[in-house]
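The values are calculated or read from the model by the stated rules, or taken from the named source; none is laboratory data. Every value quoted in this text rests on a predicted model; they were computed, and no experiment measured them. FYI the Cβ positions are ideal-geometry reconstructions off the backbone, even for glycines, and counts take in every protein chain you see. Quick note on the areas: whole protein, heavy atoms, side chains included, nothing else; ligands and nucleic acids left out. Shrake-Rupley method; radii C 1.70, N 1.55, O 1.52, S 1.80 Å.
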Amino acid sequence: MQDNRFWTRVLGLAAAALLAYLLARVLRPFFGPILWAFLLAFLLFPVNRRLRRRLPMGLAASLLTLAVTLGIVIPASVLVLTFVRQAGELLARVSALAARYQIERPQDLLNIPALGRIVEWIDRKTPLSAAELQKWLVDGARRALEFAVSGGRQVLLGAVGAVIGLLLTLFILYFFFRDGDLMAERLLRVIPADESRKTRLVAHLSDVIRAVVFGALATALIQGALMGVAFEIAGLPSPVVFGFLTSLVALLPVAGTALVWVPATIALYAQGRPGWALFLFLWGALLVGSVDNVLKPRLISGRAKISTLPVFFGVIGGLAAFGPIGLFAGPLIIALALALLDFAEESAA
């Protein structure tokens, strides 16, 4: 009897593992839309709950899906189109600059007079040598070119996929608005843990999602928007592109937004515009740089505190593994792992 039970359990586990593998293969093309729909449905659940008190569930889900389409999807699509247009204009500027100064290799960047003057000034006024600066410039230019080439290919190849993914997200979102809480209850019932731990785990993950979205990511987006406004005011090219880059580097634990506004300040000064260079320096150091210290604590007040290191690894690793949705999925996965580790320690104690 014991042998029969053992082999029954082995076969059951093998069948469950095979089913999970096949299910993952089936759902893999829909992974991104499902996660985007889950995130939006989770963040808008309080609004959905209020609408359900006044309207039938299906009608409430339809109205909320329409509101997401008009209030988020359409503005985001316009912003993406603007980004693509400005990225193309920036690429044309870079190509024209490369042709003008005969830049064929990263080492030829010093042929640009402004860069050459900056390197000479730093060589004279600081302990850094021109050779060290040239090596840093060459390495940085090579990495930037590799990133631009790979990113450009992904944008071109993924344009049609993005449209299809957007339609799938809205389709799935409707059902999450209508039946999402029932799905969550069924999922929680099959988790092998007592009710108190389930409640704590759900509360912790909910707080982490809100802390990441309203804290780290919202702060980064605000910093990117502020930098884009500064670029527009100062007459610098491609403000949307550099605003997006600012949002990305704002997630880094070191340097952050200074990686964008410091070179831009130097470029303005090299162009003979010291007034605008001072403006951008003050804007970046005082306004953009202070958002982390002033705005972020208010945005995440009362929510789970998640340190910078897990957010950094989650965001960068999530982007590499899952694409844009990895901005949210990465930190959430790390937070889930840390929460389960805490529960394991409590059980062992």
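For the range 267-277, give me each residue that is touching a residue at least 12 places away in the same chain (Cβ under 8 Å) and either part of a helix (DSSP H, G or I) or crowded, with 18+ Cβ neighbours inside 10 Å (or both).
Hits for the range 267-277 are A267, L268, A270, W276, A277.
Mind listing just one residue for me: the one in the range 320-349 that is within 16 Å of the chain's Cα centre (by Cα) and open to solvent by 60 Å² or more (accessible area, probe 1.4 Å) and, of those, modelled with the highest pLDDT?
My answer is I333.
Looking only at residues in the range 214-238 that are over 13 Å from L280 (Cα atoms) and not small (G, A, S), which one is most open to solvent (accessible area, probe 1.4 Å)?
Residue satisfying both the conditions and the ranking: L221.
With respect to S196, is the statement that it is free of Cβ contacts under 8 Å to residues at least 60 places away in the same chain, among the small types (G, A, S) and surrounded by fewer than 16 Cβ atoms within 10 Å (Cβ to Cβ) true? First the steps, then the outcome.
Numbers: free of Cβ contacts under 8 Å to residues at least 60 places away in the same chain: yes; among the small types (G, A, S): yes; surrounded by fewer than 16 Cβ atoms within 10 Å (Cβ to Cβ): yes.
Answer is yes for this residue.
Residues checked against (1) touching a Leu at 6+ places or on another chain (Cβ under 8 Å); (2) of a type outside the set (S, T, Y):
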site	(1), (2)
T257	no, no
A264	yes, yes
L268	yes, yes
W276	yes, yes
F279	no, yes
S290	no, no
V294	no, yes
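Quick check on this structure: which one of L182, L205 is without any contact (Cβ under 8 Å) to a residue 24 or more places away in the chain and open to solvent by 30 Å² or more (accessible area, probe 1.4 Å)? Working first, answer last.
On the way: L205 fails: without any contact (Cβ under 8 Å) to a residue 24 or more places away in the chain.
Answer to the selection: L182.
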